[in-house]
């Protein structure tokens with residue numbers, strides 16, 4: 001039995017560059033989407049597949065993000081990933097691991113921004129002393145250090161659980177939410193500490209800020225992930241949380 005795929009998809013990272021795409025589609029509309037979704041492997045050379053455009057974004061200039069169109073693409077059983085109806089579970093497993101990876105990516109944005117702020121605050125002199133000695137700067141440095149360490153530990157915990165084959169929906173969501181918001185805060189503070197220098201296009205901090213902001217959206221918004229976190233917390237609660 002063949003399937004005919006129709007639809008559009010927006011915001012696909014490297015969508016115009018990939019030779020193969022994993023597409024999740026509804027194969028049975030008579031049952032809830034969780035049971036009626038299936039996963040397919042689509043080749044970009046298939047008749048009916050086209051790239052509508054690459055999308056200009058505020059950040060993430062190093063990656064192509066695309067709008068894709070699927071029109072009457074014929075898919076045979078050889079294109080099915082897993083089994084028919086398994087699409088939702090495959091997608092959820094992929095998203096959990098993706099969120100751990102995004103958490104690591106966010107650490108990668110925050111760290112160089114924080115290091116730039118540390119370096120500049122030691123070199124920039126005002127009123128005959130480096131600005132690191134002013135509370136307005138030093139307290140922001142302290143907050144960056146605490147939040148970065150907390151985010152790093154959350155990410156390592158989620159990664160370890162994933163490596164051990166455990167279910168990580170809660171841990172991955174926590175790591176992704178906290179590190180994404182941490183990265184934006186750290187980059188914002190770094191911009192403030194560097195002042196006009198940080199706002200210059202030639203300085204990397206402004207780029208880290210723009211790139212980090214997407215991480216609060218991509219891979220699941222921080223709002224939907226907070227919903228998943230509270231759901232998992234209530235599911236596991238037996239009278240004591242920890």
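The values are calculated or read from the model by the stated rules, or taken from the named source; none is laboratory data. A quick note: this is a predicted structure, and the numbers were derived from the prediction, not measured. Don't worry about glycine lacking a Cβ; one is built from the backbone with ideal geometry, like all the others, and counts go over all protein chains shown.
General remarks:
- Residues of segment 171-197 satisfying the condition of being part of a helix (DSSP H, G or I) and more than 15 Å from residue 213 (Cβ to Cβ): 171, 172, 173, 174, 175, 178, 192, 193, 194, 196, 197
- Among the numbered conditions (1) surrounded by fewer than 17 Cβ atoms within 10 Å (Cβ to Cβ); (2) not assigned by TED's automatic domain parsing to the domain that holds residue 224; (3) not in a loop (DSSP other than H, G, I, E, B), the only one that residue 73 does not meet is (1).
- Qualifying residue in segment 42-64 (condition: surrounded by fewer than 15 Cβ atoms within 10 Å (Cβ to Cβ) and part of a helix (DSSP H, G or I)): no
- Any hit, segment 6-20, residues being touching a helix residue (DSSP H, G or I) at 6+ places or on another chain (Cβ under 9 Å) and either outside the structural domain of residue 158 (by TED's automatic domain parsing) or not in a loop (DSSP other than H, G, I, E, B) (or both): no
- Per this entry, residue 23 is not counted among residues that are free of Cβ contacts under 8 Å to residues at least 60 places away in the same chain, under 30 Å from residue 209 (Cβ atoms) and surrounded by 14 or more Cβ atoms within 10 Å (Cβ to Cβ).
- So residue 146, is it at pLDDT 95 or above, at negative phi, crowded, with 16+ Cβ neighbours inside 10 Å and in the same structural domain as residue 226 (by TED's automatic domain parsing): no
- Residue within segment 77-89 that is modelled with pLDDT of 95 or more, touching a strand residue (DSSP E or B) at 6+ places or on another chain (Cβ under 7 Å) and part of a strand (DSSP E or B) present: yes
- Check on residue 116, under 18 Å from the mean Cα position of the chain (by Cα) and crowded, with 16+ Cβ neighbours inside 10 Å: no
- Output for segment 198-207, where each listed residue is in contact (Cβ under 8 Å) with a residue 40 or more places away in the chain and part of a loop (DSSP other than H, G, I, E, B): 203
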